[in-house]
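The values are calculated or read from the model by the stated rules, or taken from the named source; none is laboratory data. A quick note: this is a predicted structure, and the numbers were derived from the prediction, not measured. Cβ atoms come from the backbone with ideal geometry, glycine included; neighbour counts cover every protein chain shown. Ligands, DNA and RNA are stripped out before the accessible areas are found, and what is left, the full protein with its side chains, is counted by its heavy atoms. Shrake-Rupley method; radii C 1.70, N 1.55, O 1.52, S 1.80 Å.
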Amino acid sequence: MPNQRQVSERAVVALIGAVQFVNILDFVMVMPLGPDFAQGLGIASSHIGIIGGAYTAAASVAGLAGGYFLDRFDRRKALAVSMLGLVVATAAGGFATGMSTLLLARVVAGIFGGPATSLSLSIIADLVPVERRGRALGAVMGAFSVASVAGVPMALKLAEFGGWRVPFFAVAAMGLLVVMGAIFYLPPVRGHLDAGPRQQAGVLELLGHRDIQLSYVMTALVMMAGFVLIPNLSAYLQQNVGYPRELLWLPYFIGGIASFATLRVAGPMVDRYGSFAVGTVGSMLVLLSTYVGFVHLPRWMPVPVIFTLFMVAMGTRNVAYNTLTSRVPDNPVRARFMSLQSAVQHMAAAVGAFLSARLLTDLPDGTLGGIPRMAGVSMVLTLLLPALLWVVERRVHSREQARALAVAPSQGMAVPLSPGADSHA
């Protein structure tokens, strides 16, 4: 791009991956630490989902508001502001004195963390061509696996030796370093501004497109299915399965390594076979791991094994879903689309987390009641995803083909279409 510092595509992916690592770790570490801060602050274990839901609900509202203005700014500057706010809010979480102050800190973290996610994905979609976008998104989403491999075990160990507050301060410090790196090394991302105001669609106009409506429904299904379960994993493993607290880092570590390796394969597979095929395989694996892990856990199966299958399955499904949604918007409205998608994503996650708190109860023997019912809700939602993947992919593929046919004659080119061109759409 003219007048912009030259940064390699690989460096951009690495920098956004680092930003996402801190952003994701700030969110995912709270749930494994749930039993620790619940005990320290006198919070019922069945209410841990409310803490996670507070973050995602706030992120949803912030994403909805961001849909009105994020596309007016250089994405790099907007990302820096969002991440700095997240750093301050994370540090504030370490000073919480009860349920209300912890909830407030997590609400503020969500207000900044939600837009940071949508901006990160928008930068990748703006700077990486569509034919390599699945690979790039797979690498960026590997931040979730790295957070599981290194971040969550680190947070659990820090909490074990220094108390549950220490991980919040540690992540805030890492976040500050990553933000500085992103500010100094990411190039300005202003291509969407060059399109001019005439191409900027309003939020209501954006929501009027059927492709976008279907994409957001798909997003809601994915997030609700996951977050009915995720906030309660740590409490379930410790209180129902009897998994020892001092070994809780192990399933996250092993599962994160396997998930990271899977994401490196799933991204290119999506580029080759399409989101529907890869996403359907991932969804079937999610169903299997949910049933085995939460409904009928065999006594002989080690916890890290089923945990690893669960993370691999979700990672495979999510790469397919994220790659497909990145193809839905046009470039001038990408951050606006991503911001609204972030709003839907986080609100659906909040609904899932709050629903889990309603489905679960604290039993007199210290275990959580309602686990099979919670798993059943997640499985029903997961079953609906493949059909939506198929519909959205066909619609997006048809639109891209029509656009290519319209552009080609003006460039003096022919665009041959093979009979099987739509075979995996």
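A few notes on this one:
- Take the conditions (1) open to solvent by less than 40 Å² (accessible area, probe 1.4 Å); (2) modelled with pLDDT of 90 or more; (3) closer than 24 Å to Pro329 by Cα; (4) not hydroxyl-bearing (Ser, Thr, Tyr); Ala408 misses just one of them, which is (2).
- Only a single item in (1) of a type outside the set (Asp, Glu); (2) more than 30 Å from Phe73 (Cα to Cα); (3) surrounded by 24 or more Cβ atoms within 10 Å (Cβ to Cβ) is not met by Gln238, and it is number (3).
- Note on region 375-405: residues that are surrounded by 14 or more Cβ atoms within 10 Å (Cβ to Cβ) and among the small types (Gly, Ala, Ser) total 3.
- Test result for Ala78, in a helix (DSSP H, G or I), at pLDDT 80 or above and within 24 Å of Ser8 (Cβ to Cβ): yes
- All of Leu158, Leu193, Leu204 fail the test of being modelled with pLDDT of 90 or more and either over 20 Å from Gly113 (Cβ atoms) or touching a strand residue (DSSP E or B) at 6+ places or on another chain (Cβ under 8 Å) (or both), apart from Leu158.
- Out of Gly93, Gly49, Gly53, Gly67, one residue alone is modelled with pLDDT of 85 or more and within 22 Å of Ala350 (Cβ to Cβ). It is Gly93.
- Enumeration of residues in region 284-332 that are outside any helix (DSSP H, G or I), closer than 28 Å to Asn240 by Cα and either of a type in the set (D, E, K, R) or in contact with a helix residue (DSSP H, G or I) (Cβ under 6 Å, 6 or more places away or on another chain) (or both): Arg299
- Qualifying residue in region 330-343 (condition: under 26 Å from Ala266 (Cα atoms) and open to solvent by 20 Å² or more (accessible area, probe 1.4 Å)): yes
- Index of the failed condition, Gln401 passing every other in (1) within 15 Å of Ala235 (Cα to Cα); (2) modelled with pLDDT under 85; (3) of a type in the set (S, T, N, Q): (1)
- Pair list, Cβ < 6 Å and 6+ apart or interchain, from region 352-372 residues that are touching a residue at least 24 places away in the same chain (Cβ under 8 Å) to residues that are β-branched (Val, Ile, Thr) and surrounded by fewer than 16 Cβ atoms within 10 Å (Cβ to Cβ): Pro372/Val295
- Test: residue in region 358-365 that is in a helix (DSSP H, G or I), over 15 Å from Thr290 (Cα atoms), open to solvent by less than 70 Å² (accessible area, probe 1.4 Å) and of a type outside the set (Phe, Trp, Tyr): yes
- Residues located in region 288-325, provided they are surrounded by fewer than 17 Cβ atoms within 10 Å (Cβ to Cβ) and in contact (Cβ under 8 Å) with a residue 60 or more places away in the chain: Tyr291, Val295
- Long-range neighbours under 9 Å by Cβ, at least six apart or interchain, first residue open to solvent by 20 Å² or more (accessible area, probe 1.4 Å) within region 252-274, second among the basic types (Lys, Arg) and part of a helix (DSSP H, G or I): Arg264/Arg135; Pro268/Arg135; Asp271/Arg132; Asp271/Arg133; Asp271/Arg135
- Residues of region 212-257 that are outside any helix (DSSP H, G or I) and over 14 Å from Gly352 (Cα atoms): Val241, Gly242, Tyr243, Pro244, Leu248.
- Considering region 161-190, the residues that are among the aliphatic types (A, V, I, L, M) and modelled with pLDDT under 80 include one that is surrounded by the fewest Cβ atoms within 10 Å (Cβ to Cβ), namely Ile183.
- Filtered by the rule that a residue be open to solvent by 50 Å² or more (accessible area, probe 1.4 Å) and more than 19 Å from Met180 (Cβ to Cβ), region 68-106 gives Tyr68, Phe69, Arg72, Phe73, Phe95, Thr97, Met99, Ser100, Thr101, Leu104.
- Selection status of Leu383, closer than 23 Å to Ile230 by Cβ and modelled with pLDDT of 90 or more: yes
- Check on Val281, part of a helix (DSSP H, G or I) and open to solvent by less than 40 Å² (accessible area, probe 1.4 Å): no
- Put simply, of Asp36, Asp26 the only residue that is at pLDDT 70 or above, among the charged types (D, E, K, R) and open to solvent by 10 Å² or more (accessible area, probe 1.4 Å) is Asp36.
- Set Ala57, Ala14, Ala44: member being more than 28 Å from Gln239 (Cα to Cα) and more than 13 Å from the chain's Cα centre (by Cα): Ala14
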